[in-house]
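This report concerns only the one structure given below.
Values in this text are rule-based calculations from the coordinates and carry no lab data. Given the structure is predicted, the values throughout are model-derived calculations rather than measurements. Glycine also receives a Cβ, built like all others from the backbone with ideal geometry; neighbour counts cover every protein chain displayed.
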């Protein structure tokens, strides 16, 4: 269980580093609300992964599947909306520059 949480933290760190690299490469300045959205989506994704992992570890695979579908679907929608917001802002920034 400890290894799972360690790996979740490593993946979250990698995701933030990837976002920072993309923003620097594209010359996009991320506003505070972008970072808030990233934090919410990242915490939501960690919650989903922890839900699935602990449900399977406790012997409830059906709960892991149902929770993964429901919470994972919500997380996917949040991720898509956040990505659209960031890309839309990036286009405005590059068009005005």
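Quick look at the numbers
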| read-out | value |
| --- | --- |
| Alpha-carbon radius of gyration plus Dmax, which is the widest Cα pair, for the chain in Å | 16.0, 55 |
| Potential extension, residue 74-residue 36 segment - 0.36 nm per residue separation minus Cα distance | 12.0 nm |
| C-alpha long axis of helix 32-57 to longest principal axis of the chain, angle in ° | 20 |
| Residue 29 versus residue 92: modelled label distance in nm, points set 7 Å from Cα along the beta carbon direction | 1.3 |
| Between 0 and 90°, nearest 10: helix 61-96 axis offset from the chain longest Cα axis | 0 |
| Modelled label reach - residue 85, point 7 Å along Cα→Cβ, the stretch 37-64 residues with backbone N closer than 13 Å | 37-42 |
